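What follows is one structure encoded as structure tokens, with my remarks underneath.
The values are calculated or read from the model by the stated rules, or taken from the named source; none is laboratory data. Remember, predicted model here, so these are calculated numbers, not experimental data. For neighbour counting, all protein chains shown are included, and Cβ atoms are generated from backbone atoms with ideal geometry for every residue, glycine included.
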Amino acid sequence: MRENFADEEWTTLLQAPMQVVMAVCLADRVDPVSFLQELKSGVAIVAEELQRSDVVGDLAPALISSLAELDNADALQGDQLLLKKQFELLGLIQTFKSSKEGRDYVIANLQKVVAILDVKATGAQASELKQWLMSVAIKVAEAYREGGVLGIGSSRISDKENEVLKKISEALGVKY
């Protein structure tokens with residue numbers, strides 16, 4: 001499956017899961033501790049997704065396998081690798097002047113993903129990968145409760161996260 005894509009195209013696809021994590025994390029203006037907890041949860045969710053063997057199709061499992069191979073080749077493993085990924089994501093986030101700029105960056109990259117898929121993948125392969133990316137975004141949004149006091153009155157997905165999830169779904173061309 002990998003051989004159907006140029007190196008730059010494959011790299012764009014490989015970056016998509018962590019980018020949806022970034023978009024969801026940048027949805028709300030929360031305190032730094034909550035932001036970091038949500039980012040940590042998002043990175044952990046992607047790591048968990050790389051362990052799945054039940055993802056349907058050809059392309060999504062190939063992408064997951066390729067991401068897992070990159071992780072296995074890294075000198076760091078376990079919690080150290082997760083921490084490294086958190087710092088890499090934070091480094092990227094720091095390059096943006098605002099949260100909106102970061103979210104817009106992700107949406108633009110997801111549109112590139114769709115353009116690549118339109119040319120290089122079958123309709124079924126593209127749909128499966130888009131659905132998988134959307135499911136990752138939803139899991140990240142649900143991972144950390146927003147608002148309320150001590151969990152009372154909090155919501156699973158905040159209004160702003162819902163807005164970001166809608167934008168992600170529109171960029172990917174899937175239902176949310």
Taking into account only those residues within the stretch 6-59 that are without any contact (Cβ under 8 Å) to a residue 24 or more places away in the chain and among the small types (G, A, S), which is surrounded by the most Cβ atoms within 10 Å (Cβ to Cβ)? A6
Any idea which residue in the stretch 142-166 is surrounded by the most Cβ atoms within 10 Å (Cβ to Cβ), counting only those that are aliphatic (A, V, I, L, M) and at pLDDT 95 or above? V164
For D58, which of the numbered conditions (1) under 25 Å from S158 (Cβ atoms); (2) out of contact with any Lys or Arg (no Cβ under 9 Å at 6 or more places or on another chain) fails to hold? (1)
Only one of (1) at pLDDT below 95; (2) under 20 Å from I138 (Cβ atoms) fails for P32. Which number is that? (2)
Lone unmet requirement of (1) touching a residue at least 40 places away in the same chain (Cβ under 8 Å); (2) within 17 Å of T12 (Cα to Cα) for A141: (2)
With respect to the numbered conditions (1) among the aliphatic types (A, V, I, L, M); (2) out of contact with any Lys or Arg (no Cβ under 7 Å at 6 or more places or on another chain); (3) more than 23 Å from N4 (Cβ to Cβ), which one is the sole condition not fulfilled by L76? (2)
Taking the condition of being over 19 Å from D71 (Cα atoms) and more than 11 Å from the chain's Cα centre (by Cα), how many residues in the stretch 10-53 meet it? 13
